[in-house]
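Before any comments, here is the structure.
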Amino acid sequence: MSPATAPPTRDGCRVTAGSVAVAVIAVIAWEIASHLSFVIPEPLDTFLALGRDLGDPRFLAGLRETLLAALAAFVLAMLIGGPAGLGLGLSRRARVVFSPIITMLNGIPKIVLYPVLLPVFHLGYGSKIVMGLLFGLFPVLINTAAGVREIPDVYWRLARSLRATRWQTLTRILLPAIRGPLLTGVRLAVSLSLVGVVLSEFFATERGLGRIVLSAYSSGDYAGMVSTILLLIAISFALSLFLWRLERRVR
Amino acid sequence: MSSPGTGVVLDDVRVEFRSSGRDGPVVAVDGITQEIPAGGFVSVVGPSGCGKSTLLSVIAGLRAATSGSVRINGRTVTGPDRDVGVMFQEDSVLPWKNVTDNVRFPLQIARVPRAGRPRLGPGHRPGRAAARRRIAQRAQEAIDLVGLGGFERRYPAELSGGMRQRVALARTLAMRPSVLLMDEPFAALDQQTRLLLGAEVRRIWGETHQTVLFVTHDISEAILLSQQVWVMSYRPGTILDVVDVDLPADRDASVVSTPRFNALHNRIWERLRTEAMRGFAQENRFPA
Ligand SMILES: Nc1ncnc2c1ncn2[C@@H]1O[C@H](COP(=O)(O)OP(=O)(O)O)[C@@H](O)[C@H]1O
Ligand SMILES: [Mg+2]
């Protein structure tokens, strides 16, 4: 790994200045747009609504439920998708047997399964976690399998010639060798798990941010609706950005 | 130089590959009965695809021969052995480790877990600290031996192809194997770097007295480095000729301009030329 911190450079300053400029322009455009259509709340109202919501225990409980469900979905996606991807990458026979069904399952719009999940996993955490899992699983599985298959054959011969144990080969060659694709899978799984959870909350649930967005919409509280959506985007964006930076740092 | 039974002994080694084509199995290597005395330096030359890597992987214990046997220092090869170091044709330096960690890698792998040893409590593991020091010291010796001193903290991506092959060599040498198998280690490098690294290998061999099998398709490299050259044929890969290199032991690159070097070169080239043409005809299904 390279040293974690690089000294601030002129380039870095310029990038930051650029980002700030883009943000300012976006807010101005938003302000103008809000005057053209009553559905679009003003930026100030939106930020006030966010402040109001973040002080509301019911909102915080919803935020907590959504994030917990997404976390559970993500962890399950890693626990299932990681080993399954390893198996698929390592075994030609497993690929022959499972590749078609995985491609097919990955291809269907997963949300159509939600009505099927509801009676099985119930309206609480169960169904949305499973939906988040369905969204997060495939990027982990597919990236891990592809990563394993791209490991140069000579690494396996190296491991064998050194008489490395299976465990040593797994932890000291295989896992480091697929660190890139694995991190890509993690990054996609994090945001897609959240997408899966929120999407199922839009359809049917008792609590959660998706539900809050929907009820804000029905009651015409557009500022509350937009601020909640922005909060979701910000959370997802921050996580992705962090993981993306991590990804770029690995060799 | 050696007592009988030591070194590398090949006895009628044959390797077939089942091919998907209609021609039946491909015989990659056939009827190879040869010997490298302990401490000897032998090169194998032959056209590409003639079975050099296959032969090497059989000696390394990475592939079983279809028939015949290999004995190393008196023991029949049944699988990989840490006393036999392999340097592969492909770039096998691990990109996520710096030079030092790459060279330490085999030593760390070889440190078998000492099961059933009583724990003396946390932090009280004199054995571990000593082992770590030994590994660090051995790796540093190998790094210095191949001239990588000063590059310890560099990552492979920051090194040239020649430097990366030095890392691979150091990694192989760190285990102090008594037999060194090198599969076209410098084939991907430019001519100057190849000459330089060849000279390094010969110098190191002069210091370590390992038994070396060096695979190459470069005739000059084979003559410059080794005591004996095996000339291999194409499909089936058999040994066509065994050429003893009767050049001075302390030779350097200037030896290429001597008449003796030229005579050896011509002899090997004549063998390979007819072989290469036969192989070309066979590949392209011309009437040979
Ligand atoms: N795993 C394999 N399966 C089938 N054929 C192989 C395999 N490995 C090598 N061969 C064939 O055996 C022959 C010798 O290959 P190789 O030992 O790699 O040659 P060289 O190292 O001299 O270039 C080639 O004709 C090659 O196509
Ligand atoms: Mg080869």
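The values are calculated or read from the model by the stated rules, or taken from the named source; none is laboratory data. Remember, it's a predicted structure, so these values are computed and weren't measured experimentally. Using ideal geometry, Cβ is built from the backbone for each residue, glycine included, and neighbour counts are taken over all protein chains shown. With ligands, DNA and RNA removed, areas are computed over all heavy atoms of the protein, side chains included. Shrake-Rupley method; radii C 1.70, N 1.55, O 1.52, S 1.80 Å.
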Q.
Take the conditions part of a loop (DSSP other than H, G, I, E, B) and of a type in the set (D, E) and apply them to B:D250. Does it pass?
A. yes
Q.
I'm trying to understand the selection: among the residues of region A:14-65, which are under 13 Å from A:M225 (Cα atoms) and among the polar types (S, T, N, Q)?
A. A:T46
Q: Could you tell me which numbered condition B:N98 fails, if it satisfies all but one of (1) free of Cβ contacts under 8 Å to residues at least 12 places away in the same chain; (2) away from ligand 1 (no atom under 16 Å from the Cβ)?
A: (1)
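Surrounded by fewer than 20 Cβ atoms within 10 Å (Cβ to Cβ), within 12 Å of ligand 1 (Cβ to nearest atom) and assigned by TED's automatic domain parsing to the domain that holds B:A281 - does that describe any residue in region B:40-49?
Yes, there is a match, as at least one residue in region B:40-49 is surrounded by fewer than 20 Cβ atoms within 10 Å (Cβ to Cβ), within 12 Å of ligand 1 (Cβ to nearest atom) and assigned by TED's automatic domain parsing to the domain that holds B:A281.
Please count how many residues of region B:180-199 are more than 16 Å from ligand 1 (Cβ to nearest atom) and touching a Gly at 6+ places or on another chain (Cβ under 7 Å).
Here is the first cut: in region B:180-199, the residues more than 16 Å from ligand 1 (Cβ to nearest atom) are B:180, B:189-199.
This time we only want the ones that are touching a Gly at 6+ places or on another chain (Cβ under 7 Å), so: B:180, B:189, B:193, B:197.
Counting residues in region B:180-199 that are more than 16 Å from ligand 1 (Cβ to nearest atom) and touching a Gly at 6+ places or on another chain (Cβ under 7 Å) gives 4.
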Q: Answer yes if at least one residue in region A:182-192 is within 11 Å of chain B (Cβ to nearest Cβ) and in contact (Cβ under 8 Å) with a residue 60 or more places away in the chain, and no otherwise.
A: no
Q. Based on what the data block shows, is A:I178 more than 22 Å from the chain's Cα centre (by Cα) and either closer than 20 Å to A:R249 by Cα or within 14 Å of chain B (Cβ to nearest Cβ) (or both)?
A. no
Q.
Give me the residue from region B:68-85 that is within 25 Å of B:V26 (Cα to Cα) and surrounded by 16 or more Cβ atoms within 10 Å (Cβ to Cβ) and, out of that set, farthest from the other protein chains (Cβ to nearest Cβ).
A. B:G68
Q: Tell me, yes or no, whether region B:48-59 has at least one residue that is at pLDDT below 90, within 16 Å of ligand 2 (Cβ to nearest atom) and at negative phi.
A: yes
Q. For B:D23, which of the numbered conditions (1) in contact (Cβ under 8 Å) with a residue 40 or more places away in the chain; (2) away from every other protein chain (no Cβ under 14 Å); (3) over 22 Å from B:W205 (Cβ atoms) fails to hold?
A. (1)
(Q) Go through (1) within 26 Å of B:I36 (Cβ to Cβ); (2) away from ligand 1 (no atom under 16 Å from the Cβ); (3) open to solvent by less than 10 Å² (accessible area, probe 1.4 Å); (4) modelled with pLDDT of 90 or more for B:V146 and report which single condition fails. (A) (4)
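I need the full set of residues from region B:200-218 which are surrounded by fewer than 21 Cβ atoms within 10 Å (Cβ to Cβ) and either more than 16 Å from ligand 1 (Cβ to nearest atom) or not charged (D, E, K, R) (or both), in order please. Even if it seems obvious, please write down each step before you answer.
Our first condition is that a residue be surrounded by fewer than 21 Cβ atoms within 10 Å (Cβ to Cβ); within region B:200-218, this holds for B:200, B:202-210, B:217-218.
B:E200, B:R202, B:R203, B:I204, B:W205, B:G206, B:E207, B:T208, B:H209, B:Q210, B:H217 - these are the residues of region B:200-218 that are surrounded by fewer than 21 Cβ atoms within 10 Å (Cβ to Cβ) and either more than 16 Å from ligand 1 (Cβ to nearest atom) or not charged (D, E, K, R) (or both).
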Q. From the list B:G68, B:G79, which residue is more than 17 Å from the chain's Cα centre (by Cα), more than 16 Å from ligand 2 (Cβ to nearest atom), in the same structural domain as B:T208 (by TED's automatic domain parsing) and of a type in the set (G, A, S)?
A. B:G68
Q: State whether the residues of region B:195-211 include one that is under 27 Å from B:G161 (Cα atoms) and in a strand (DSSP E or B).
A: yes
(Q) Taking the criterion of being touching a residue at least 12 places away in the same chain (Cβ under 8 Å), touching a Leu at 6+ places or on another chain (Cβ under 6 Å), assigned by TED's automatic domain parsing to the domain that holds B:M277 and of a type in the set (V, I, T), would at least one residue in region B:218-240 satisfy it? (A) yes
Q. Consider B:A65 against the criteria (1) open to solvent by less than 10 Å² (accessible area, probe 1.4 Å); (2) more than 14 Å from every other protein chain (Cβ to nearest Cβ); (3) small (G, A, S): it satisfies all of them except one. Which criterion is unmet?
A. (1)
